[in-house]
């Protein structure tokens with residue numbers, strides 16, 4: 001395949017593939033879910049024990065198991081929130097670009113407001129009120145991010161609706177919905193896929209930041225951000241507790257970013273998603 | 001006339017955004033519960049009278065819109081009222097804002113000093129080995145949580161080597177690690193922008209003319225190309241300002257930096273909502289203003305924008 005000649009594609013696929021596969025197979029690899037405690041072996045340094053290749057944390061839990069199991073949360077949050085935002089943003093963007101008028105006004109003002117409230121600040125305010133939780137983080141990310149997709153799609157629709165093939169479809173008497181979803185949407189998908197990939201990566205980072213701040217996932221569930229927050233107190237005595245979850249985030253996010261960059265080179269030569 | 005119209009339109013939009021954002025913040029914060037109950041939660045034998053007195057003292061017995069008006073006008077007059085636990089808000093927030101801006105500006109300068117020359121190099125040697133390395137490194141710089149980088153720097157330079165202080169704002173040396181942490185992320189994005197815009201500008205006709213005139217390469221790059229590509233860089237920096245502020249919040253916490261982020265996180269954990277409301281509103285106002293200024297500067301630099 002020609003794609004493998006690209007460094008971005010090959011490296012991105014390998015990184016994302018390793019992390020994704022480990023996470024998918026985690027129920028088989030670590031049936032205990034990284035919760036088991038071996039108090040005798042606590043704070044085992046990495047590479048000193050065959051049983052715990054990446055060492056253990058202050059409660060004697062296997063770091064390797066927790067890193068792999070913790071990836072479930074990150075992938076889940078990243079993918080679900082990006083998909084939710086893509087779907088909502090696409091529908092609103094299609095209508096705003098096609099019908100203009102109030103839809104368009106609403107979208108553009110909402111975009112201004114969203115720009116003024118960075119996600120972390122919005123999340124801090126809202127989570128201070130409703131309390132932390134997996135579902136809330138995902139909903140917040142969707143609320144904060146659908147606008148990007150809507151604006152992107154709106155831009156494409158604005159130019160596509162003038163194009164000859166859309167005019168032709170209209171003159172055949174096709175309904176608006178059919179034109180929007182069957183004829184316009186497929187031609188506006190490229191940038192969406194790119195932005196979506198990059199957003200999965202970004203949302204994994206955001207989730208880990210929020211959980212690190214204590215505003216995200218329940219600390220009892222293994223997650224990368226949670227492990228980093230736990231490990232921070234042991235940075236002097238047991239730095240490996242903090243090093244490995246960070247490396248896991250980096251491998252996953254770098255892999256997704258590389259794939260996103262490769263997609264951008266392939267699908268978006270005009271640079272709409274810059 | 002179109003210029004005045006454009007300025008007026010953007011100004012009104014900015015005002016509207018600020019109105020919605022501050023209204024949302026003060027409304028949302030009141031949903032969290034009765035501050036009087038929170039303030040007295042540690043005292044024993046609280047009667048309904050005590051609660052009413054505290055509410056009156058905080059001005060919470062007045063209608064919401066009156067309280068909102070008080071808060072918003074306070075943002076302009078500097079009379080921001082009192083924190084639940086720490087006395088007047090204004091001096092606390094001003095101090096934190098200063099620390100945050102110091103950190104933000106230092107990181108920005110560091111990142112521009114690195115990203116502009118490297119970005120120009122990558123654009124001039126497109127496709128070379130050096131360009132590839134720069135591209136991958138800049139992507140890697142965007143691929144880890146910035147607070148993790150902060151922790152790793154502490155591990156290396158404070159815990160292991162004992163060169164730099166691990167936390168607080170105690171002098172110039174304490175600025176180094178937080179600024180590098182934020183600067184790495186900024187450098188990664190800026191590098192990509194400089195590289196792409198330089199590539200575009202370097203293929204423009206006026207660059208060919210400048211070269212044909214016999215100008216030195218240094219003058220072509222730094223006087224003509226860089227000036228034109230800096231328009232895009234400035235716009236992008238404006239758009240990124242919000243993200244920068246969001247990133248600062250977490251990094252400040254890692255380094256125990258006495259800025260707005262640390263203040264906000266403390267306010268959340270103590271449920272000190274007057275502080276939280278002020279901190280978030282001030283950050284939002286700064287972001288809106290920066291974007292407004294960038295828009296206006298952009299319009300001044302590129303007259304075509306007004307026609308849109």
Q: Restrict the check to segment A:192-213 and report whether at least one residue is modelled with pLDDT under 90 and more than 17 Å from the chain's Cα centre (by Cα).
A: yes
Q.
Return the residues of segment B:222-266 that are in a helix (DSSP H, G or I), touching a residue at least 60 places away in the same chain (Cβ under 8 Å) and either over 30 Å from residue B:197 (Cα atoms) or in the same structural domain as residue B:30 (by TED's automatic domain parsing) (or both); say none if nothing qualifies.
A. B:250, B:252, B:253, B:254, B:260, B:261, B:262, B:263
Q: Please work out if residue B:112 is assigned to a helix (DSSP H, G or I), touching a residue at least 24 places away in the same chain (Cβ under 8 Å) and not assigned by TED's automatic domain parsing to the domain that holds residue B:245.
A: no
Q. Counting only residues that are away from every other protein chain (no Cβ under 14 Å) and under 21 Å from the mean Cα position of the chain (by Cα), how many does segment B:149-171 have?
A. 2
Q: Pick out, from segment B:10-82, the helices (runs of 4 or more DSSP H) lying fully within it that include 1 or more residues that are under 26 Å from the mean Cα position of the chain (by Cα) and in contact (Cβ under 8 Å) with a residue 60 or more places away in the chain.
A: B:64-77
Q: Name every residue in segment B:259-269 that is crowded, with 20+ Cβ neighbours inside 10 Å and more than 9 Å from every other protein chain (Cβ to nearest Cβ), in order of residue number.
A: B:259, B:260, B:262, B:263
Q) Looking at A:41, A:96, which one is over 30 Å from residue B:285 (Cα atoms) and more than 14 Å from every other protein chain (Cβ to nearest Cβ)? A) A:41
Q) When you go through B:229, B:281 one by one, which is the residue that is in contact with a helix residue (DSSP H, G or I) (Cβ under 8 Å, 6 or more places away or on another chain), modelled with pLDDT of 85 or more and within 14 Å of chain A (Cβ to nearest Cβ)? A) B:281
Q. Quick check: is even one residue across segment A:219-233 over 24 Å from residue A:253 (Cα atoms) and either out of contact with any strand residue (DSSP E or B) (no Cβ under 8 Å at 6 or more places or on another chain) or modelled with pLDDT under 85 (or both)?
A. yes
Q: Considering each residue of segment B:91-109, count those that are without any contact (Cβ under 8 Å) to a residue 12 or more places away in the chain and either within 12 Å of the chain's Cα centre (by Cα) or within 15 Å of residue B:258 (Cα to Cα) (or both), and give that number.
A: 5
Q: Have a look at B:147, B:206 and point out the one that is crowded, with 21+ Cβ neighbours inside 10 Å and part of a helix (DSSP H, G or I).
A: B:147
Q | Set A:224, A:262: member being more than 8 Å from chain B (Cβ to nearest Cβ), touching a residue at least 60 places away in the same chain (Cβ under 8 Å), closer than 16 Å to residue B:146 by Cβ and surrounded by 21 or more Cβ atoms within 10 Å (Cβ to Cβ) | A | A:224
Q | Subset of segment A:201-221 (residues that are free of Cβ contacts under 8 Å to residues at least 40 places away in the same chain and more than 11 Å from every other protein chain (Cβ to nearest Cβ)) | A | A:219, A:220
Q: Determine whether segment B:33-46 contains at least one residue that is outside the structural domain of residue B:282 (by TED's automatic domain parsing), surrounded by 13 or more Cβ atoms within 10 Å (Cβ to Cβ) and at pLDDT 80 or above.
A: no
Q. Based on what the data block shows, is residue A:77 within 14 Å of chain B (Cβ to nearest Cβ), within 20 Å of residue A:208 (Cα to Cα) and over 17 Å from the mean Cα position of the chain (by Cα)?
A. no
Q. Taking the condition in contact (Cβ under 8 Å) with a residue 24 or more places away in the chain, in contact with a helix residue (DSSP H, G or I) (Cβ under 8 Å, 6 or more places away or on another chain), surrounded by fewer than 19 Cβ atoms within 10 Å (Cβ to Cβ) and assigned to a helix (DSSP H, G or I), does residue B:191 pass?
A. no
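The values are calculated or read from the model by the stated rules, or taken from the named source; none is laboratory data. Since the model is a prediction, treat every value here as computed from it, not as a measurement. Positions of Cβ are generated from backbone atoms using ideal geometry, with glycine treated the same way; all protein chains shown enter the neighbour counts.
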